Every structure is written in C-alpha cells, then in structure tokens.
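Q: Pasting in a structure now, in structure tokens, and then I'll have a few things to ask.
The values are calculated or read from the model by the stated rules, or taken from the named source; none is laboratory data. Bear in mind the structure is a predicted one, so any value in this text is a computation, not a measurement. Here the Cβ is made from the backbone with ideal geometry for all residues, glycine too, and neighbour counts use every protein chain on show.
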Amino acid sequence: MKHLLKLGDLSRDEIFGILNLADQLKFERKNNIKKDYLKGKTLGMIVRKSSTRTRVSFEVGMYELGGTALFLSDRDLQIGRGEPIKDTARVFSRYLSGLMIRTFDQSEVEEFASYGSIPVINALTDYAHPCQVLADLMTIREYKGSFKGLKMCFVGDGNNMANSLIVGALKMGMSFSIACPKGYEPDAEIMKWASEYEGFEVTDDLMKAAKDADVLYTDVWASMGQEGEKAVREAAFKGYQINADVMAVAKKDAMVLHCLPAHRGEEITEDVLEAHANEIFDEAENRLHAQKAVMVKLMRD
C-alpha cells in the first residue's frame, strides 16, 4: 500500500488492516494514550473543494499522531496559476512526508501519485471518496459486529459515494443495492466490476432496493459543483428519500448512515436522521480514526 487513491486499489486484507488499526487508535484516544506515531512528519493538504469534516479530521489527526499538517488552497499554490501538477508533485516530495488532496478530478490525484515520491491520500474526488467509506465500514462493524451476511442499500445519486461504497461493501462481503433514477447510475466500470458479485443490484425501485436492508445510506441530491443542476436534480430524485416508509421495509434493526452535510426533507427526513443520529455522528467521528490509520500505514517509517 503506497497510496490511497481509490478503494479498488486495496485488497480485502489491507482494508481490514486499516480498520483494525483505526479501532486501536480510537481506543487509545478514548483512554488518553498518546503515541507519536508520526513524530516529525508533515502532511500537505490541498483542498480545492470546501470541507468541514475532511480538513478538521486530517489536521486534528496529524496533531494527535505527533505530526504537522499544512493547509494549502489554490490561493497558496502556483498550481492555481497554472504550474503543472507534475512539477508541484516533485517539489512537494522534497518537503513533505505525505499529501492529502480533496479536489474534483480523479486524474489530478493519480498524477500527483505518479510524479511524486511520497504517499498520496484521496480525500475526495468526483469519482471516489475512499476515506469516507473506510469510516463507514468502521462504523458498520462497530454496530453490527461483522460484515458477513449484511445488506447495504444506497439511496440517491450514483456519485463518488456510491462508487466507493459499492467497492467497499462488496469487498468486505456485504451485498449491495442502489436505488437511483435512470440516468444517474454509478460509474460504468465500477458497475461492470460489481456485476461479478451475486449480491449487487441497481434499480430505480426504492422499496425493492431497501427491502431487508441492514444498512441504509444516502447523500445529497446535488453535490459540490452541481449547484447549477439543483432544480433538475430535485425533480429527478423526488421520492428517493430515506423516510418512515423505507425504514418499514428494511430490517427492524437497520442502521442509517449519511456522509453529511444532510439536507433534511430532501434525501432524508428529519425524524429518521434524528432517530439514527448516534450512528451518523459516530460515522462522522470515525473519519478521524480511519484517516489516522491510513496516515500511519502510509507515512510511518
């Protein structure tokens, strides 16, 4: 494991290794056990998409691991003025111990990894969100004990979250269904890969997808960069909402997850979100622990 660019690059054992370390780091934090795993290390953080959980969790994570994080926006970097990524990557490799990138194009993350000589972590692209899904898997295992025999249902856009959840769920032994309007399916290559698994289903029938689900998951209808499509998407996704009716067809002990921020009244109702707030905000907290595990795996000598 040299980088974390997308979950598809990791083996099942590598994912388990990250989750097990994340559990350990969470235990140490809860019990005020401080270990400077990354003492003297510096993480650069290129953030081209605004964030709440990503920036805070990575900065706090590096501090708690004994290292330093540098926040870098386009206003701070020459790539905002046209310097080639490959040049920036080679310069950063002389200064930094690792690089986290939250941006639009997956190709940007891949290019940094290709030309640099330090670990690169994808903190979100339009294609994938591996850090979030590692936190999701960590949360599911905390609540359900294991992944075996579980069904996950994703409701909404076949976006970066759906792409990464499909890979994460199927690799860890869960079945996966996605309910989305026609024309909003996940990435074609990911669906082709997933079609080899018996437990994979794509449908525009929400109730069919949610039936007997152990884990229900949703995301906003319009992600960052899609604000201009808001009205069109609201019409397309009307009805694709986790609400009391959907909960009624899922398992009685089904958990609900959301990567946040949530638009109450759109993809999820207020009452469902609040009834499952413990799960959702444990999930948000676990971004910190899962990302600390990734950084230790990649950056520790």
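Q: Could you say which residue among Arg94, Arg102 is more than 30 Å from Tyr217 (Cβ to Cβ) and basic (Lys, Arg)? Before the answer, list the steps.
A: Details: Arg102 fails: more than 30 Å from Tyr217 (Cβ to Cβ).
Of Arg94, Arg102, the one residue that is more than 30 Å from Tyr217 (Cβ to Cβ) and basic (Lys, Arg) is Arg94.
Q: Looking at Glu196 and the list (1) part of a helix (DSSP H, G or I); (2) out of contact with any strand residue (DSSP E or B) (no Cβ under 9 Å at 6 or more places or on another chain); (3) under 29 Å from Glu14 (Cα atoms), which single condition is not satisfied?
A: So Glu196 meets the others, but not (1).
Q: Let me ask you something else. Working only within the stretch 47-98, note down all residues that are more than 28 Å from Pro261 (Cβ to Cβ), in contact with a helix residue (DSSP H, G or I) (Cβ under 7 Å, 6 or more places away or on another chain) and touching a residue at least 40 places away in the same chain (Cβ under 8 Å).
A: Within the stretch 47-98, just Ser97 meets the criteria.
Q: For residues that are in contact with a helix residue (DSSP H, G or I) (Cβ under 9 Å, 6 or more places away or on another chain), more than 16 Å from Ser11 (Cα to Cα) and either among the β-branched types (Val, Ile, Thr) or in a loop (DSSP other than H, G, I, E, B) (or both), tally how many sit in the stretch 158-181. Walk me through how you get there before you give the answer.
A: The first filter runs over the stretch 158-181 and keeps only residues in contact with a helix residue (DSSP H, G or I) (Cβ under 9 Å, 6 or more places away or on another chain), leaving 158, 160-181.
Applying the additional criterion that residues be more than 16 Å from Ser11 (Cα to Cα) yields 158, 160-163, 175-181.
Now drop any that are not either among the β-branched types (Val, Ile, Thr) or in a loop (DSSP other than H, G, I, E, B) (or both), which leaves 158, 178, 180-181.
Here the count works out to 4.
Q: Shifting gears a bit: Checking Tyr115 against (1) of a type in the set (Phe, Trp, Tyr); (2) surrounded by fewer than 24 Cβ atoms within 10 Å (Cβ to Cβ); (3) in the same structural domain as Ile242 (by TED's automatic domain parsing); (4) in contact with a helix residue (DSSP H, G or I) (Cβ under 6 Å, 6 or more places away or on another chain), which single condition isn't satisfied?
A: Of the numbered conditions (1) of a type in the set (Phe, Trp, Tyr); (2) surrounded by fewer than 24 Cβ atoms within 10 Å (Cβ to Cβ); (3) in the same structural domain as Ile242 (by TED's automatic domain parsing); (4) in contact with a helix residue (DSSP H, G or I) (Cβ under 6 Å, 6 or more places away or on another chain), the odd one out for Tyr115 is (3).
Q: Follow-up. List the pairs whose first member sits in the stretch 130-153 and is without any contact (Cβ under 8 Å) to a residue 40 or more places away in the chain, whose second member is among the small types (Gly, Ala, Ser), and whose Cβ atoms are under 7 Å apart, counting only residues at least 6 apart or on separate chains?
A: Correct list of pairs: Phe147/Gly173; Lys148/Gly173.
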